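The values are calculated or read from the model by the stated rules, or taken from the named source; none is laboratory data. Just so it is clear, the structure is predicted and the values come from calculations on it, not from any experiment. Don't worry about glycine lacking a Cβ; one is built from the backbone with ideal geometry, like all the others, and counts go over all protein chains shown. With ligands, DNA and RNA removed, areas are computed over all heavy atoms of the protein, side chains included. Shrake-Rupley method; radii C 1.70, N 1.55, O 1.52, S 1.80 Å.
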Amino acid sequence: MKVKKYIAPSMQEAMKKIRSEMGNDAVILNSKEVNTGGFFGLFTKKKIEVIAAMDPDVPSQQKPSKKPAPFINEQSKMMVENPQVLKQPNDDLVMEIKELKNMLQSIPTTEQSNMYPEPLKEILEQMKNQEVHSLLRNEMMAKLLGFWYEQNGAATIQQLKEKQYEFFEAQLSDLSFGGISYQKKYINVIGPTGVGKTTTLAKLAAECVIEKRKKVAFITTDTFRIAAIDQLKTYAKILNVPIEVCYNLDDFKKAKEKLANYDYILIDTAGRNFLESQYVDDLQKIIDFNDEMETFLVLAATAKPSDMLAVYEQFSVIPINKLIFTKLDETSTRGPLFDVMIRTKKGIAYTTHGQNVPDDIEMATKERIVEQILR
């Protein structure tokens, strides 16, 4: 594995040197600004230091091209996850790649935004403002910078934004979006305390009754909060639907039998501290999640991504179909939602943006979510 350091006035000049000496299959390991020359710290000049690597013994699969090879950001790990320069890897080469991955792990993840061309700086800053995860930002910027050099620095901001949209849309391509499937009789919402499960359930019931003209009923297992039952009873009265209160699994089975003639049964659960695993265990003792049930995990968009992921982990013993994000009106960032979707591999059913029932709820689509992140 040949590794060499290059110092140039700009990233574009460094890339020219690397392509000239190492070819288009070279891999960028790291890059940073350095000060050179000067006298006692005065009159120094800022330059770009780039560390590149290339295995001279492995032929490239790709045909020679006059176009510059896509630039790979120093934080992007895709270069070693899918090495395109391999035909038939051997043990020594695999070991070198593992060592290379370890080197990448030690590289700082802070982006050197001032080394990007101006249009890309604008996009990077917008992604930071949206709190998109740094690893995802780095991967995206690597692709955009590669496209920029392929266009010889002539790519328009509109073309860059189109590439950005394609990148985020591709990240969500395997996830399922959209609201209630109406494939299962029981519709259940779960989640921690304070995320708005009861209000969200009322909005879902209103969709079933008003838009779909379905015959629905409520079951609540939220006997923990004093006002929870009264709140759902109020919604039930407004929608003119019955409600059953369940304290244990026997109550739940009896309620199902009593409401057997209804098209759909919407189930409200108690909100408790998600750090208490006993809560999820208690929930499983009350509700049979394996019986023709569609379950939505409700999360507050205002929560930290780490907390949302901890909530998902705690509830993951229950079959979760999709996510519902509430309180979008209380935050201007959408990056954390994206991070949670990618890590949990779950799409979004609905987003809510207020307390009004049946309004202030929107069925999610992949296109809409990406638009919100990029706006």
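Some observations on this one:
- Close amide-amide hydrogen proximity is noted between Ile243 and Phe218, each under 5 Å apart and 5 or more residues distant or on a separate chain (H modeled in the peptide plane; Pro and chain starts excluded).
- Rolling a 1.4 Å probe over the protein chains gives Val34 an accessible area of about 30 Å².
- Karplus-derived 3J(HN,Hα), 6.51/-1.76/1.60, for each residue of region 315-321, Hz, glycine and proline x: 8, 5, 6, 9, x, 9, 7
- Gyration tensor (alpha-carbon) shape descriptor, region 127-175, a/c threshold 1.5: prolate
- Cα gyration tensor shape for region 169-222, rounded if a/c is under 1.5, else prolate or oblate: oblate
- Within region 289-319, the GluC sites (Glu not before Pro) that combine a DSSP coil assignment with at most 14 other C-beta atoms in a 10 angstrom radius are Glu292.
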